[in-house]
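The values are calculated or read from the model by the stated rules, or taken from the named source; none is laboratory data. Everything numeric in this text was worked out from a predicted model, so none of it was measured. Ideal geometry is used to build each Cβ from the backbone, glycine not excepted, and the neighbour counts take in all protein chains shown.
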Amino acid sequence: MQSEEWNKVANKVNFTLDLDLNQFQKLVHPTSKILDFGCGYGRHTDTLVQNGYSNVFGIDSSEEMITRGQKEFPHLTLLHNNLDSIPCEDESLDCVLACAVFTCIPSEVDRKKIFEELCRVLRRDGVLHLIEFGLDYFNSYDDNGCFLSSLNVQMKHFSRKEIEALCSPLETINMETTKASAIGNRLTEAHSYFGRKT
């Protein structure tokens, strides 16, 4: 999960990709047990708590990101975890949020393993909200859509078909491609996906 690289920039970077809060509120009850997977410094965890979600916690593989989050948002439950194995029982969560997490996993094999882990902890009828950056014309991609970012972190951007393929084990509720702001405030696109485990 490139934890060391993220540790180096944890106190310098401010993430920009937003969750679809309007759609989220339509699909996820305020008392639902929610995991913010790859939470970084807890920006979205805090957004959910501020909007009435009372049972939310975040995990991230970067210890420095978690340390920053605990300072900025001391009221949140943010935990350091390697993300390969989520510390939850099978089918114990009502919702998983993953914002720009798979962007930070250049290996397709690793992405599939982690997606399977998300599905393991999500209960039947549980909701996954995934937000990932789309391909743009500002980056020099390799054949797999990967590139070395300005943060010196290997990243992956996705076509819409790649997101659909990754999420194929779930029933799609909604998927939209929208304008988004990348780090550095560059205008780009993002894919916002909601799926349900059946």
- Restricted to the stretch 155-192, and to residues that are out of contact with any strand residue (DSSP E or B) (no Cβ under 6 Å at 6 or more places or on another chain) and touching a residue at least 60 places away in the same chain (Cβ under 8 Å), which residue is farthest from Lys12 (Cα to Cα)? Leu166
- Message: For the stretch 81-112: of the residues being touching a strand residue (DSSP E or B) at 6+ places or on another chain (Cβ under 6 Å) and not hydrophobic (A, V, I, L, M, F, W, C), which is farthest from Gly126 (Cα to Cα)?
- Response: Pro106
- Segments classed as strands (runs of 3 or more DSSP E), wholly inside the stretch 146-198, with at least 3 members that are polar (S, T, N, Q): 171-181
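Which one of Lys197, Lys179 is within 20 Å of Asp20 (Cα to Cα) and surrounded by 16 or more Cβ atoms within 10 Å (Cβ to Cβ)?
Lys197
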- Task: Pull up the stretch 154-176, narrow it to residues that are over 17 Å from Leu97 (Cα atoms) and buried (at least 19 other Cβ atoms within 10 Å of the Cβ), then point me to the one that is modelled with the lowest pLDDT.
- Result: Met155
- Message: Cys104 - would you say it is touching a helix residue (DSSP H, G or I) at 6+ places or on another chain (Cβ under 8 Å), hydrophobic (A, V, I, L, M, F, W, C) and at pLDDT below 95?
- Response: yes
